[in-house]
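See below for the structure under consideration.
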Amino acid sequence: MRSVWPPSPGGTGPLSDEDLERVYGYPEDLTGPFVQVNFVASADGAVAVDELSKGLSHPADRRVFLLARDLADVILVGAGTARAENYRGARTNAVRSARRARLGLAPVPPIAVVTRTGALDPAGPLFTDSHVPPLVVTTSRADTAAVREAGAEVLVAGDEDVDLPRALAMLAERGLRRVDCEGGPALFAAMIAAGLVDQLNLTVAPLLVGGDAGRIAAGPAARPPRRMELASILVDDGFTLLRYRRGSG
């Protein structure tokens, strides 16, 4: 993987893990939540192949995906994506654990699932195959008895729908300010509409998918559209990794 823009201090050679940490690191001394969103899409805009993002991925994309988890306090995901992708708890190894320790982060970030209804399977890997209990971000009307019994911490943020600004504030109150949002499209669209996206990490796969695959954001429109500034461009084997930061306009 190499940097196309801005120029890498080390020249045009491959980027090291330390280089990527500098590219994708969160701002220092955060006093509130900072949300980065991670997606991969095909060159013609598809968000999935056969309804899963795996068909669009690549080792470079996977490398950044795992790094984003390593740099975060919490991983945020919508319930639909958690079910479709069969989410389990975040994993680690010696190298990744050392990185998190060096950055002063907890050994493993929790998964926080956004669900209006609380309809999650307490026997699924999100609960049974995890080093830390998940957080369930939901509404006052949700039935949360089963997930509570399975060990989840429940955060009630809203009545009919999840109040995303409130949810992020509740995570920040727990020291979880570096938020790595992994989708899906409905949650991303809601985050855009609420003006909560600080950074988008978008991998463009050199594939044409066609069909009726959805886009990375599907939901309420942002009025007006949110301005983002291009912050970096990395490439590897035809895959283009774009990073956008919140703009001033």
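The values are calculated or read from the model by the stated rules, or taken from the named source; none is laboratory data. This is a predicted model, so every value here is computed, not measured. Neighbour counts run over all protein chains shown; Cβ positions are idealised from the backbone, glycine included. Protein only, heavy atoms only, side chains kept; ligands, DNA and RNA dropped before computing areas. Shrake-Rupley method; radii C 1.70, N 1.55, O 1.52, S 1.80 Å.
Counting pairwise Cα distances across the range 104-249, what percent come out greater than 28 angstrom? The proportion of pairs with Cα distances above 28 Å equals 29 percent.
For the range 183-237, how big is the tail of P(r) above 15 Å, as a whole percent of Cα pairs? Each step should come with its number before you reach the end.
Values: 855 of 1485 pairs.
Tail fraction, whole percent: 58.
Just tell me the longest site-free run in the chain, where the sites are GluC sites (Glu not before Pro) in a DSSP loop having at most 10 other beta-carbon atoms within 10 Å. Don't skip to the answer; put the middle values down first.
Details: sites that count: GLU28, GLU160.
With a cap of 10 other Cβ atoms within 10 Å, the longest stretch comes to 29-159.
Considering only PRO224, PRO109, PRO133, give the residue with the highest GNM mean-square fluctuation for the chain, with springs between Cα atoms whenever their separation is below 10 Å. Result: PRO224 has the largest fluctuation of those listed. Across the options TYR24, GLY195, GLY183, the greatest Cα extent toward the positive end of the charge dipole of the chain (unit charges at beta carbon of Lys, Arg, Asp, Glu) belongs to TYR24.
Under a Gaussian network description of the chain, with springs only between Cα atoms under 10 Å, the residue in ARG116, ARG166, ARG177 that fluctuates furthest is ARG166. Accessible area per residue for the range 1-94, computed on protein heavy atoms with a 1.4 Å probe, is 49 Å². Binning the alpha carbon pair distances of the chain at 5 angstrom intervals from zero yields the distribution 1, 6, 13, 18, 20, 18, 13, 7, 3, 1, 0, 0, expressed in whole percent. Charge dipole of the range 72-121 (Cα centre as origin; +1 on each Lys and Arg Cβ, -1 on each Asp and Glu Cβ, all else neutral): 220 debye, rounded to the nearest 20. Dipole magnitude for the range 144-249: computed about the Cα centre from +1 point charges on Lys and Arg Cβ and -1 point charges on Asp and Glu Cβ, it is near 480 debye.
Report in % the part of the accessible area of the range 110-249 that belongs to carbon and sulfur, leaving out ligands and nucleic acids; probe 1.4 Å. Intermediate values should be presented prior to the final figure.
On the way: 3390 of 6690 Å².
Exposed carbon and sulfur together represent 51 percent of the surface.
Under unit Cβ charges (Lys, Arg +1; Asp, Glu -1), what dipole magnitude, rounded to 20 debye, does the chain have relative to its Cα centre? Before the final figure, lay out each step's value.
Working: 27 positive and 30 negative charges, 86 e Å.
Approximately 420 debye in magnitude.
In the chain, the calculated helix contribution to ellipticity at 222 nm averages -6500 deg cm²/dmol per residue, counting -39,500 (n - 2.57) for every DSSP H run with n ≥ 4.
Coupling constants for the range 114-125 follow from the phi torsions by the Karplus curve (6.51 cos²θ - 1.76 cosθ + 1.60, θ = phi - 60°), and in residue order they are 8, 8, 6, 9, x, 7, 10, 7, x, 8, x, x Hz; glycine and proline get x. Mean sequence separation of contacting Cα pairs (under 8 Å, at least six apart), scaled by the length of the chain, corresponds to a relative contact order of 28 percent.
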